[in-house]
């Protein structure tokens, strides 16, 4: 009986400790993986802030005061590196360099200032396989581009007219890998983020290289219908295979790196962009997921938040919803932002906002009202990185 009296409390304590384990970071990890994601993308639209040290420090002070915990600064956009890149210099893909007003490395500055405020900083590889048709990358390597069945090479995106690097070509995969490893290896960031452009619009893939590869591997001619299920799956699987290689390379370079992915909702991502991110999650290739749900109302936003693949994902890894805080010509009202954040939270997910300047600077509403609105959403800290 004496043994039973002391054994029961011990068993209860062990059970409590085991229940708490999922909330603790892995040994040696710099981040608290289970803290709510409160992130913001820092885009090329924010370049005046990134390049000006006093402005950058003020921005990071504000984010800390509003209890944000993650910053995603752009490092690859329009076929050009924002970071200091030997990869693009040696390949003669960049005729200029993004530097600060004092000649400083702006990505190093963002990382340093963000870390000083206790925030994770995860560089954002924005354009993925997409590039403007006038970029040095597209002009120097036309054979690296893929095309539609009718031979056309451009499509219209949120960034305007673009071309698409062929994600199935070894040369393209090597360039992307070299750039990613350069960022991971040369900077003290907390990982790397890929978005909805680490993909390929489903009407592309009709270049001679890809058609020959498909025929060689499947013994079938390429279907004329870009929505053919087998043709879609073959291309999506090829992109996934590249992500497997890229994830291994990143983890080998820096094991603590967070692989973050910010795609569109799954049905759209797979069917229209050949981006099978749910497979990436299931295969352990992704450490955090932020699904872009830029909606003008709460009802359509809530319908996407409730999708089963998000319920599955948040059981595995930190999961958040991308919320639009406004564009230059279309500001988002604070009331809508707050309602969408609360909707995401009710489903157990964090949020990331697109983009920094539209949080409280480039808005139709007073900056103080906006800051008060964010502080009401995040009244207390939720650190992902120790100070």
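Read-outs: derived from the displayed coordinates by stated rules, not from any lab. All values reported here derive from a predicted model rather than from experimental measurement.
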Practice item. Quote the relative contact order of the chain in percent (integer), defining contacts as alpha-carbon pairs under 8 Å separated by 6+ residues. Key: 19
Check your understanding: Using the scaling law 2.2 N^0.38 Å as the reference, what is the normalised Cα Rg of the chain?
Key -> 1.04
Point to revise | Crossing angle, helix 334-346 versus the chain [Cα axis fit, 0-90 degrees, rounded to tens] | key: 80
**Study point:** Equivalent ellipsoid, region 54-203 (semi-axes from 5 times Cα gyration tensor eigenvalues, Å)
**Key:** 31, 16, 13
Point to revise | Largest-first principal axis extents of the Cα set of region 170-257 (Å) | key: 47, 22, 17
**Study point:** Folded to 0 to 90 degrees: helix 2-20 orientation relative to the chain principal axis, Cα
**Key:** 40
Revision key, fill the gap. Cα-based Rg/(2.2 N^0.38 Å) for region 59-102, rounded to two decimals, is 1.56
Point to revise | Distance histogram in 10 Å bins (all Cα pairs of region 30-72, percent per bin) | key: 26, 51, 21, 2
**Study point:** q = 0.16, 0.19, 0.27 Å⁻¹, region 325-387: log10 I(q)/I(0) [Debye, one scatterer per Cα]
**Key:** -0.55, -0.75, -1.24
Review point. Angle, helix 53-65 long axis vs. longest principal axis of the chain, Cα atoms, 0 to 90°, nearest 10?
Key: 50
Review point. So how many Å³ per residue does the convex hull of the Cα atoms of region 261-379 work out to?
Key: 104
